[in-house]
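Q: Let me give you the structure first, and then I'll get to my questions.
The values are calculated or read from the model by the stated rules, or taken from the named source; none is laboratory data. Everything numeric in this text was worked out from a predicted model, so none of it was measured. Here the Cβ positions follow ideal geometry from the backbone for every residue, glycine too, while neighbour counts run over all protein chains shown. We work out accessible area using only protein heavy atoms, side chains counted, and drop any ligands, DNA or RNA first. Shrake-Rupley method; radii C 1.70, N 1.55, O 1.52, S 1.80 Å.
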Amino acid sequence: MSTIRELAQSLGLSITTVSRALDDYTDVSALTRARVRAAAEASGYRPNAAARRLRRGMTEVVTMVLPTAHGRFDEPLYIELLAAMGPHFVKAGYDLTLLAAPPGDEEIKTYRRIVEGRRADGIIVVRARRDDARIRYLLGTDTPFVVMGRSDVAGDYSLLDGDGTKAFEVATERLLALGHRRIVHLAAPSAFTFATLRRTGYEAAMQAAGLQPCSVESAAETDPAYAVALNLLGEANRPTALLCATDRMAYGVLKAARDLGLRVPEDLSVIGHDNLPASARTDPALTTMELPPADTGERLALMLLARIKTPDAKPVHDIREVHLIERGSIAPPMTH
């Protein structure tokens, strides 16, 4: 059966009724919708996707804009998230696209093209910032969106984030339990909300132990963290442990320690965050923290689909536990 007209005739229904039943409109009874879907399946009928999108005023596309530098598209954390999201969007009849744009004016222009050109039915915003122009822009549109991370921007939107404050409090307490007292936090830029939350957890644990916190900020990448770590580890009273805001920063610390002739974990304990695939293969394997990407991707997909289906629904704020994954990069401190 090749046309909707033939399907409608075989069922004794109007073309409009069959069309609305296939698009799952609730003004068609559940019994009729089931009957139409069963007949379409049995006959091998497939709706014209372009016509269906036009009727519904939908693109059947959702997108994520990855803020990244020019020429870079190597964010393994987000690739894992996409892999977890994909099957849920496919099941719901949506294509998932990934775009890249450098932070700033070009990034906002990308969002405008998506929204004003009606190129997506929903957007996933990642790497939330404390003062986030993307969120402020989307709040002024009718495009459904969800945010991975937290922001100081107030408004009616759903978000998912790991409990970074608790995670870094737990990681600091683990280093304290091993006997470390000179624990320095290598912090990501404070413009990112995650950086502020993680720093807060570290400082709370240090203060609870009667110790003075020491946070040193670096770009959340390997090379800048390497340069900062060289300075820190070259001091006479160097730290015995470095708690890093991201795994990429921890990689820079491991390299700096090796170049200075320091052994990890004997001379220096190192902890990261993200559990990137490479973290299990560093030497030694990196102790890190993880918001499980499979669960996170699934939850983000379901949250966005819910916003698309019911834009006026109450927003969801889902703050999830972050897990400490202990490997070979931490140990009790040795005497200098």
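Q: Look at the stretch 103-159 and say how many of its residues are aliphatic (A, V, I, L, M) and not in a strand (DSSP E or B). Lay out the reasoning, then the answer.
A: Narrowing the stretch 103-159 to residues aliphatic (A, V, I, L, M): 108, 114-115, 120, 123-126, 128, 133, 135, 138-139, 146-148, 153-154, 159.
Narrowing the set further to residues that are not in a strand (DSSP E or B) leaves 108, 114-115, 120, 126, 128, 133, 135, 138-139, 153-154.
Here the count works out to 12.
Q: Which of the numbered conditions does GLY297 fail, given that it passes all the others? Conditions: (1) surrounded by 20 or more Cβ atoms within 10 Å (Cβ to Cβ); (2) touching a Pro at 6+ places or on another chain (Cβ under 6 Å); (3) over 26 Å from ARG182 (Cβ atoms).
A: For GLY297, the exception is condition (2).
Q: Looking at LEU302, is it open to solvent by 70 Å² or more (accessible area, probe 1.4 Å), under 23 Å from ALA84 (Cβ atoms) and touching a residue at least 60 places away in the same chain (Cβ under 8 Å)?
A: It is true that LEU302 is open to solvent by 70 Å² or more (accessible area, probe 1.4 Å), under 23 Å from ALA84 (Cβ atoms) and touching a residue at least 60 places away in the same chain (Cβ under 8 Å).
Q: Could you tell me whether the stretch 177-184 includes any residue that is surrounded by fewer than 21 Cβ atoms within 10 Å (Cβ to Cβ) and over 22 Å from LEU233 (Cβ atoms)?
A: yes
Q: Going by what's in this entry, would GLY252 be described as closer than 15 Å to GLY162 by Cα, part of a helix (DSSP H, G or I) and open to solvent by less than 10 Å² (accessible area, probe 1.4 Å)?
A: Answer is no for this residue.
Q: For the stretch 257-269, check the following and say yes or no: at least one residue is open to solvent by 10 Å² or more (accessible area, probe 1.4 Å), among the small types (Gly, Ala, Ser) and in contact with a helix residue (DSSP H, G or I) (Cβ under 8 Å, 6 or more places away or on another chain).
A: no
Q: OK, next. Pick from ILE319, ILE308: which is assigned to a strand (DSSP E or B) and surrounded by fewer than 21 Cβ atoms within 10 Å (Cβ to Cβ)?
A: ILE319
Q: Here's another thing I want to ask about it. Of the conditions (1) surrounded by fewer than 19 Cβ atoms within 10 Å (Cβ to Cβ); (2) within 23 Å of SER329 (Cβ to Cβ); (3) in contact with a strand residue (DSSP E or B) (Cβ under 6 Å, 6 or more places away or on another chain), ALA187 satisfies every one except a single condition; which number is it?
A: (1)
Q: If you don't mind, there's one more thing I want to ask. Sort out which residues of the stretch 1-40 are charged (D, E, K, R), open to solvent by 50 Å² or more (accessible area, probe 1.4 Å) and not in a loop (DSSP other than H, G, I, E, B), and write them in order of number.
A: In the first step, residues of the stretch 1-40 are kept if they are charged (D, E, K, R); the result is 5-6, 20, 23-24, 27, 33, 35, 37.
Subsequent filtering for residues that are open to solvent by 50 Å² or more (accessible area, probe 1.4 Å) retains 5-6, 20, 24, 27, 35, 37.
ARG5, GLU6, ARG20, ARG35, ARG37, listed by residue number.
Q: Sticking with this structure for a sec: From the list PRO103, PRO144, which residue is touching a strand residue (DSSP E or B) at 6+ places or on another chain (Cβ under 7 Å) and over 16 Å from TYR157 (Cβ atoms)?
A: Details: PRO144 fails: over 16 Å from TYR157 (Cβ atoms).
Answer to the selection: PRO103.
Q: Let me ask something else about it. Which one of ALA205, ALA229, ALA171, ALA220 is part of a helix (DSSP H, G or I), within 23 Å of LEU260 (Cα to Cα) and in contact (Cβ under 8 Å) with a residue 24 or more places away in the chain?
A: ALA229
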